[in-house]
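Beneath this line is the structure, given in structure tokens, with notes to follow.
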Amino acid sequence: MDQLIVFGAKYLVVFVALGSALVLAFAGERRARLVYTLAIALPLGYALARVAGLLFAHPQPFAVEGFEPLLPHAVDNSFPSDHTLIGGVFAAVAFLADRRAGLALWALALLVGLSRMLAGLHYTVDVVAAAALAVAAVWAADRTLALFWNTK
């Protein structure tokens, strides 16, 4: 079981990104805009996460509760979960292209967060906040592009 948790915590986010790339590859005429949305949302989400981390900082569960995490990790701020944020951004952009595929990728992105919680690296609030920040970043990127994108 520990090996599955470690896989989910460490590598599953790569599969979310690859799945999103596959969805975008078949997005037809919307592909370019979705790629730009992703290109804006990833750094925006990261910036939002850094600000959120400054406002609400706390160490990981393993540091607070004194146990050995399943993954070796330096003690630092666990809020929000960067892995969940990245997976969430990829999943949210895929959702804009294809709702069914996007929901499947969201399930995987949340499984990344759950795995990181079970590994002792994050609290639930870290994962939920990361998912919310991912949605906010993709929404802001999509709405900003809508102002300037030529749809004719």
Packing-based exposure ordering (other Cβ within 10 Å, fewest first) of Met1, Met117: Met1, Met117
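List Arg143, Arg50 from most exposed to least, where exposure is judged by having the fewest other Cβ atoms within 10 Å. Mind showing how you got there, number by number?
Details: Arg143 10, Arg50 13.
Starting with the residue having the fewest Cβ neighbours, the order is Arg143, Arg50.
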If neighbour count is taken as other Cβ atoms inside 10 Å, put Thr37, Thr124 in order from fewest to most. Thr124, Thr37
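Given only helices, namely DSSP H runs of n ≥ 4 each adding -39500 (n - 2.57), what is the per-residue ellipticity at 222 nm of the chain, to the nearest 500 deg cm²/dmol? Mind showing how you got there, number by number?
Values: 7 runs with 114 residues, N = 152.
For the chain, the value works out to -25000 deg cm²/dmol.
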When the chain is reduced to its Cα atoms, the Kirkwood hydrodynamic radius in Å: 15.7
Using the alpha-carbon centroid of each, what span in Å lies between the stretch 16-41 and the stretch 101-137? 20
Per GNM of the chain with C-alpha springs under 10 angstrom, the most fluctuating residue out of Ala32, Ala131, Ala17 is Ala32
Longest principal axis of the chain (C-alpha) makes with the long axis of helix 31-55 (C-alpha) an angle, in degrees to the nearest 10, of 30
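We did not get these values from a lab; they are worked out from the coordinates using the rules stated. Keep in mind it's a predicted model, so treat the numbers as computed, not measured. In this analysis, Cβ positions are derived from the backbone assuming ideal geometry, glycine residues included, and neighbour counts consider all displayed protein chains.
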